[in-house]
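No lab work stands behind these numbers, since they all come straight from the coordinates. Note that the structure is predicted; figures quoted are calculated from it, not measured.
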């Protein structure tokens with residue numbers, strides 16, 4: 001693990017990890033990890049700048065080549081984001097399956113029901129889990145496979 005779980009760097013990393021992975025950044029690469037560990041400040045700015053660059057490329061109908069190298073460059077040169085928009089993290093291409101499921105649950109069950117049932121979407125070892133307020137858990141991929149009625153029955157019985 002790159003940072004301690006209670007560190008600000010870890011918190012920032014977790015906020016942008018899925019979006020950057022979806023873009024194609026490989027956090028398992030040694031050069032990426034070394035650069036991240038050597039970054040003492042401006043971590044969030046670099047993450048945002050890479051995502052902003054990716055959004056711009058998408059608007060131009062271009063692909064980001066070598067996303068891991070782009071992140072390394074952004075960290076090394078302390079890129080600052082231009083025109084950052086928090087909503088970009090909600091773009092379907094940048095959302096995790098758990099985020100998509102959570103939003104869909106509000107549409108299918110309604111916000112009140114979802115909020116009375118779901119405590120959290122947690123990630124552990126690359127897997128996402130739905131944690132319910134009654135203590136039950138289910139893999140997000142299993143929840144998608146089961147469908148809304150079966151998940152609702154599982155959590156309420």
Could you tell me, in Å, what Rg and Dmax come out for the Cα atoms of the range 11-89? 11.5, 34
Per the Kirkwood definition applied to all pairs of different Cα atoms, how many angstroms is the hydrodynamic radius of the range 59-132? 15.3
Based on DSSP H runs of at least 4 residues, each adding -39500 (n - 2.57), what is the mean residue ellipticity at 222 nm of the chain after dividing by all its residues, to the nearest 500 deg cm²/dmol? -17000 deg cm²/dmol
Over the range 7-146, the quotient of the Cα radius of gyration and 2.2 N^0.38 Å is 1.16
In degrees, nearest 10, range 0 to 90: what is the angle between the Cα axis of helix 8-23 and the longest Cα principal axis of the chain? 90
The range 96-156 shape via C-alpha gyration tensor axes, a/c threshold 1.5: rounded
The range 27-144: relative contact order from alpha carbon pairs under 8 Å, six or more residues apart, as a whole percent, is 19
